[in-house]
Amino acid sequence: MSPVIPIQSASDCAPSAAATQGVLRERGQREVFCGLTGIIWLHRKIQDAFFLVVGSRTCAHLVQSAAGVMIFAEPRFATAIIDDRDLSGIADAQDELDRVVKQLLSRRPDIKTLFLVGSCPSEVIKLDLSRAAMRLSREFAPQVRILNYSGSGIETTFTQGEDACLASLVPCLPAATADGEAPSLMVVGSLPDVVEDQFIRLFNAMGLGQVHFMPPRRSTELPPVGPNTRFLLAQPFLADTARALEARGAQRIAAPFPFGVEGTTAWLQAGAAAMGISSSAVEQATAAARERASAALARLRPALQGRSLFFFPDSQLEIPLARFLHRELGMSLIEVGTPYLHRQHMAEELAWLPPGVQLSEGQDVERQLDRCRQARPDIVVCGLGLANPLEMEGMTTKWAIELVFSPVHGYDQAADLAQLFARPLDRRQRLAA
Ligand code: SF4
């Protein structure tokens, strides 16, 4: 295994008709990024964690190019390259990994949690990273916690990287079991700090003093979990994390996701109700932000109303975004594709979709492209690999990955989220003029 290749980081830089009608299930060729992509936003969020991808040069290039900007700072992710010696069995890959980790941790005492991130190559050669994490944890605990998860692209889509990462953290959360104690609220899903701070202010204004966020900004400040924990998902792609939290006694609060004014209000209302806060307290606390966001959306509505939209399955944000764009901006939905449809987590969202909308789960990319070409939507939301060819065919596209990289949750970001769709339409119009 080659020594750690440092990668420059960027920052240290009741169901409706739609829900009940048939969902088109496709199991053909897919065009999606892998879970390594999540490292880009996770390393910014958890500021004392390090992500060591155990993979190939392709993996290293993917993470590096997704990070984008080159800066002169100590990166908090890297790739340990599986090389020919590891593949041919000349070198013991477990020994090599130990050597690389020891070298890294001796050089970087600031690392408090190290994630060993599996990839397609590490899975193909069956390199057991859970064994490595356990062995190395024994050596480096309590100074450094060493965990592992898979970011591979085998049967996954890119947002599953965050789900796998957070699920690997759940067993480390301290126990908060105390029968009879008041319930506590945990918001689950990586949010930009600015968005997290806005939600904290709103919760405080409603009278909710302490709200925990998972993941926390520092991995040494993991939130407690137990039967009194009620959690709100901030992201729609956290099925494994939710299951792991439920296994520790926590209860999920059923809610739509906090996109747009309507989704954010319903999400906050659901969280507040679970904590015994009245609906009027929420209305009062959110009145100014709701008014600001509604006015900003009203300014953008003329650019989007009546325009048609086609979602290819990619980020797993498709259903909540489709709901927002349809209900708050008047866009018409041709097809809403999602890589996986979690009916329970999506129940409130599905109930808000218009009757008759075509939902599809999974992908058969050629067939879906045919449907898209036939429909000629005003805008297509898809992965990078499809966007350029579709643009060449005269279609307007939006990169799905940008919706995950950008702050889009909550009231103050509602107009920014709408802008992400209005801008490409405006650009196409200008080019055509
Ligand atoms: S994990 Fe798999 S899909 Fe992702 S970059 Fe590495 S080889 Fe490619």
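The values are calculated or read from the model by the stated rules, or taken from the named source; none is laboratory data. What you see is a predicted model, and the numbers here were worked out from it, not measured in a lab. Here Cβ is always computed from backbone atoms with ideal geometry, including for glycine, and neighbour counts include all displayed protein chains.
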Q: Please enumerate the residues belonging to segment 121-150 that are closer than 13 Å to GLN94 by Cβ and in contact with a helix residue (DSSP H, G or I) (Cβ under 6 Å, 6 or more places away or on another chain).
A: LEU127, ALA132, LEU136, ASN148
**Q.** Number of positions in segment 130-155 that are within 13 Å of the ligand (Cβ to nearest atom) and either under 19 Å from ASP98 (Cβ atoms) or crowded, with 22+ Cβ neighbours inside 10 Å (or both)
**A.** 5
Q.
I need every pair where a residue in segment 55-69 that is modelled with pLDDT under 90 has its Cβ under 6 Å from the Cβ of a residue that is within 9 Å of the ligand (Cβ to nearest atom) and not basic (Lys, Arg), sequence separation at least 6 or different chains.
A. LEU62/LEU36; VAL63/LEU36; ALA66/THR37
Q) From the list GLN344, GLN305, which residue is surrounded by fewer than 20 Cβ atoms within 10 Å (Cβ to Cβ), modelled with pLDDT of 95 or more and closer than 25 Å to THR156 by Cβ? A) GLN344
